[in-house]
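Written below as structure tokens is the structure these notes are about.
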Amino acid sequence: MKNAILTIVLLVVSNIFMTFAWYGHLKLQDMKVISSNTPLYAVILLSWGIALAEYSCQVPANRIGFAGNGGSFTLMQLKVIQECITLVIFTVFTVVFFRGESLHWNHFAAFVCLIMAVYFVFMK
């Protein structure tokens, strides 16, 4: 149980870093911290720096959580958990940091489908 909780916590932290690595530069541009004229290589290097923190959590989460290493989850379960966490973190990030974005009924329908995916992947 301890490994399962640690795995999920590390996946959440990893996905927070991943979301900032992939989309944070758009918000920094919106906030005028960087400009649209900032060279792409500089934005990529910034994102890679953030992604290093992401991988520093993602890789241990998968090693700790994988049943083949004594963890609680199969590879398929790890992937579905990770994808669900990714979409939850991304949704929160989008709603909080990009206020122009809004949620619609189809987004909630997609979340229900994800919950069903988790249910089915854990079915015996």
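Starting from residues that are over 23 Å from Val13 (Cα atoms) and not aromatic (Phe, Trp, Tyr), keep the ones in segment 113-124 and report whichever is modelled with the lowest pLDDT.
Per the stated criteria, the residue is Lys124.
When you scan segment 55-82, how many residues do you find that are of a type in the set (A, V, I, L, M) and either over 30 Å from Leu28 (Cβ atoms) or outside any helix (DSSP H, G or I) (or both)?
6
Of the residues that sit in segment 83-112 and are assigned to a loop (DSSP other than H, G, I, E, B) and not aromatic (Phe, Trp, Tyr), which one is modelled with the lowest pLDDT?
Going through the qualifying residues, I end up with Gly100.
What are the residues in segment 1-54 that are in a loop (DSSP other than H, G, I, E, B) and either touching an Asp or Glu at 6+ places or on another chain (Cβ under 8 Å) or surrounded by 15 or more Cβ atoms within 10 Å (Cβ to Cβ) (or both), if any?
Ile34
The values are calculated or read from the model by the stated rules, or taken from the named source; none is laboratory data. The structure presented is a predicted model; accordingly, all values stated were derived computationally and were not measured. Here Cβ is always computed from backbone atoms with ideal geometry, including for glycine, and neighbour counts include all displayed protein chains.
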